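The values are calculated or read from the model by the stated rules, or taken from the named source; none is laboratory data. These numbers come from a predicted model, not from an experiment. Backbone-built Cβ (ideal geometry, glycine too); neighbour counts: all protein chains shown. All accessible areas refer to the heavy atoms of the entire protein, side chains included, with ligands and DNA or RNA removed. Shrake-Rupley method; radii C 1.70, N 1.55, O 1.52, S 1.80 Å.
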Amino acid sequence: ETNPISRNEFLQKKGLDPSKKTILFAAPTPSNYPMRKDLMEQMIKLKTRAQLKGDPQLFVRVHPIDSPLSYKDFLGLSGVYIERAGRQMLPDTAGGQKIEMSEGDQLNLKNSLKHADLVVNFASTMIIEASIFDRPVINIAFPPQRAIVYQYEYNKALADSGAVKMAWNVDELAEAINLYLEHPESEQNERRKLVQDYI
């Protein structure tokens, strides 16, 4: 990257406020987490009810096989930005992969991770990418019937690494977000080890 973009410029281009902390929500797949809209509503409520310190903003990265239509009710909300992961190649009604990522889209992902303050996801390998940039990661582990994915081999290894926090309910999600906003260095050694182990 010859001319790296600054945090201020990057967030301003997204319509976000560089003076505020930014939570990158790596949104889940529809099949793995069909109640993703409900999850988004819960995160918005934490924000609007001032349960998150400093009124952080939400940067939502829609999963490549999903559609932004899943989050249409949240478009235009203050402090919320929603984008596709790349260039749309198929209509939203199509199943499977709908986007293609160019070099520019890969760079956008890099800057999204680099300039966010923490990452929230559901059982995503984004844990590894976030750790490369030393960004704290929170795994959504509710409702209970969805948390079973953390017993699957590759998810279990990442969850057991100690590099991520598990949020088993909304209150724990708020608690973990607030901890990481105040102490982003938490679990830093574990993230470094995860990068060494996987990268």
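Condition check for Gln97 on (1) surrounded by fewer than 17 Cβ atoms within 10 Å (Cβ to Cβ); (2) modelled with pLDDT of 95 or more; (3) not small (Gly, Ala, Ser): one failure, at (2). Going by what's in this entry, would Lys165 be described as under 16 Å from Ser124 (Cβ atoms) and modelled with pLDDT of 95 or more? The answer is yes for Lys165. A single entry from Ala85, Ala94 fulfils the requirement of being closer than 30 Å to Gln196 by Cβ and part of a loop (DSSP other than H, G, I, E, B): Ala85.
Considering only residues that are touching a Pro at 6+ places or on another chain (Cβ under 6 Å) and within 15 Å of Lys110 (Cα to Cα), which ones fall in segment 9-34? Of everything in segment 9-34, those that are touching a Pro at 6+ places or on another chain (Cβ under 6 Å) and within 15 Å of Lys110 (Cα to Cα) turn out to be Leu11, Ile23. Set side by side, the residues Met166, Met89, Met126 differ, and just one is open to solvent by 60 Å² or more (accessible area, probe 1.4 Å) and hydrophobic (A, V, I, L, M, F, W, C), which is Met89.
Scanning segment 9-22 for residues that are within 19 Å of the chain's Cα centre (by Cα), without any contact (Cβ under 8 Å) to a residue 40 or more places away in the chain and in a helix (DSSP H, G or I) yields a count of 2.
Tell me, which residue of segment 126-137 that is assigned to a loop (DSSP other than H, G, I, E, B) and within 11 Å of the chain's Cα centre (by Cα) is nearest to Ala174 (Cα to Cα)? Once the filter is applied, the top-ranked residue is Pro136. Screening Pro30 on (1) in a helix (DSSP H, G or I); (2) in contact with an Asp or Glu (Cβ under 7 Å, 6 or more places away or on another chain) shows it passes everything except condition (1).
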